[in-house]
Amino acid sequence: MPVQALAMITVTDKETLGAYREKAAEALAKHGGSVVAADPEVTVLEAAGDTPNIAALLSFPSVDAAKAWREDPDLADIHALRNKGGKSTIVVLPG
């Protein structure tokens, strides 16, 4: 069953995050994922901690596919770019 994931990032290093964004779509596609919508200037209504600068709604074929994307050792360098470029929270929303 298709699921969506919400990725929220508080940018700490624009250059590194830019390098991540150049590789992100290909990394998502490896596990059937895609970006449904993204906003580099989000309107935050409430934040428990650091306010995210960027939000993206992702789509995956299943929860397992989303987990496989995040846990894929071949993508570790790409995930490291995201984590070096900002503080991210990614949650899967039930389908």
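The values are calculated or read from the model by the stated rules, or taken from the named source; none is laboratory data. Worth saying up front: this structure is predicted, and the values here are computed from it rather than measured. In this analysis, Cβ positions are derived from the backbone assuming ideal geometry, glycine residues included, and neighbour counts consider all displayed protein chains. Side chains included, ligands, DNA and RNA excluded: accessible areas come from the protein's heavy atoms. Shrake-Rupley method; radii C 1.70, N 1.55, O 1.52, S 1.80 Å.
Details
- Accessible carbon and sulfur surface of segment 29-68 relative to its total accessible area, %, 1.4 Å: 53 percent
- For Rg and Dmax of the Cα atoms in Å, the value calculated from this model appears in (1) 22.3, 73; (2) 12.7, 36; (3) 13.9, 51 under label (2).
- Spin-label pair residue 42/residue 19, simplified geometry with 7 Å Cα→Cβ offset, distance in nm: 2.4 nm
- Averaging Cα coordinates gives a centre for segment 70-89 and one for segment 1-62; these two points are 11 Å apart.
- Options 36, 9, 51, ranked by Cα towards positive dipole end of segment 1-60, top entry (Cβ charges): 36
- Most to least packed among 25-34, 39-48 [average Cβ atoms within 10 Å]: 25-34, 39-48
- Pairs over the 20 Å Cα-Cα cut-off, from the set 23/87; 30/67; 30/87: 30/87.
- Note that the chain presents 63 Å² accessible area per residue, ligands and nucleic acids not counted, probe 1.4 Å.
- When 3, 63 are compared by accessible area at a 1.4 angstrom probe, the order from most to least is 63, 3.
- Within segment 21-67: Cβ-based charge dipole about Cα centre, in debye rounded to nearest 20 (Lys, Arg +1; Asp, Glu -1): 260 debye
- Put a plus charge on the Cβ of each Lys and Arg, a minus charge on the Cβ of each Asp and Glu, and nothing anywhere else: the dipole of segment 30-95 about its Cα centre is then about 80 debye.
- Accessible area of residue 9 (1.4 Å probe, protein heavy atoms only, ligands and nucleic acids ignored): about 20 Å².
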